[in-house]
Amino acid sequence: MGPMTTLADFTATTITGQDQQLAEHLGSVVLVVNTASKCGLTPQYAGLQALHERFHEQGLTVLGFPCDQFMHQEPGTEEEISEFCQVNYGVSFPMFAKVEVNGEGAHPLFQWLTGPHTPGGDVPDSEIPGGDIEWNFAKFLLGRDGTVLRRYAPQVEPADLAEDIEEALAAGV
């Protein structure tokens, strides 16, 4: 078996069109979220921004990936999405160009995230279930080493992740 895949193995295009090595975020606890502007869950942007403001200095990075695969709820251009997030929710965490998260065209990062993960540790059977992203605002919490710690359903409010984020921040220092 080769070395384990981590966040560092992926590149993504930022919402302003630059390629970014996601290895830049190693050493941070990372929350990856697939987002949409016209969804019933869109107000979660406020909660994600609140997490960003609360934990960023301790080492949390929230990464937002807009996706239009669910009922066409992200129809806008990157520019429109960016403006929407800033104007309505004051989003200041990194946002990326629109991606697909399911299917053959899924971004490699999401192909990896939706595969099963075994965090190991004391609970060898604690495999994080893989499978397609259910809806907008699925969330993946990654440790400072770039491995997946937990996956949360779209309906889980960002505020409910605070405890897990604190734990992940404390674990990696």
Fill in: the range 70-80, subset part of a loop (DSSP other than H, G, I, E, B) and without any contact (Cβ under 8 Å) to a residue 60 or more places away in the chain, residue surrounded by the fewest Cβ atoms within 10 Å (Cβ to Cβ)
His72
Worksheet item: Within the bounds of the range 149-170, is there any residue that is in a loop (DSSP other than H, G, I, E, B) and at positive phi?
Response: no
Worksheet, complete the sentence: Of the listed residues (Gln44, Gln49, Gln20), the one being more than 16 Å from Asn88 (Cβ to Cβ), of a type outside the set (A, V, I, L, M) and at pLDDT 95 or above is Gln20
Worksheet item: Does Val99 meet the test of being of a type outside the set (Ser, Thr, Tyr) and part of a strand (DSSP E or B)?
Response: no
Item to complete: Could you tell me whether any residue of the range 43-64 is β-branched (Val, Ile, Thr), crowded, with 21+ Cβ neighbours inside 10 Å, touching a Leu at 6+ places or on another chain (Cβ under 7 Å) and not in a loop (DSSP other than H, G, I, E, B)?
Response: yes
Worksheet item: From the list Gly105, Gly115, which one is more than 14 Å from the chain's Cα centre (by Cα) and within 17 Å of Thr6 (Cα to Cα)?
Response: Gly115
Discussion item. Against the conditions (1) polar (S, T, N, Q); (2) at pLDDT 95 or above; (3) assigned to a loop (DSSP other than H, G, I, E, B), where does Asn88 fall short? Just the number, please.
Written reply: (3)
Worksheet item: If you go through the range 102-111, how many residues are part of a loop (DSSP other than H, G, I, E, B) and under 14 Å from Asn136 (Cβ atoms)?
Response: 1
Fill in: Residue in the range 85-93 that is more than 22 Å from Ala23 (Cα to Cα), of a type in the set (Ser, Thr, Tyr) and surrounded by 13 or more Cβ atoms within 10 Å (Cβ to Cβ) present
yes
Practice prompt. Quick one: in the range 139-173, of everything that is in contact with a Phe, Trp or Tyr (Cβ under 7 Å, 6 or more places away or on another chain) and in contact (Cβ under 8 Å) with a residue 60 or more places away in the chain, which residue is nearest to Glu57 (Cα to Cα)?
Written response: Leu169
Worksheet, complete the sentence: Restricting attention to the range 1-30, the residues that are assigned to a loop (DSSP other than H, G, I, E, B) and not polar (S, T, N, Q) number exactly 9
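The values are calculated or read from the model by the stated rules, or taken from the named source; none is laboratory data. Model, not experiment: these values are computed from the prediction. Note that we place each Cβ from the backbone using ideal geometry, even for glycine, and neighbour counts take in every protein chain shown.
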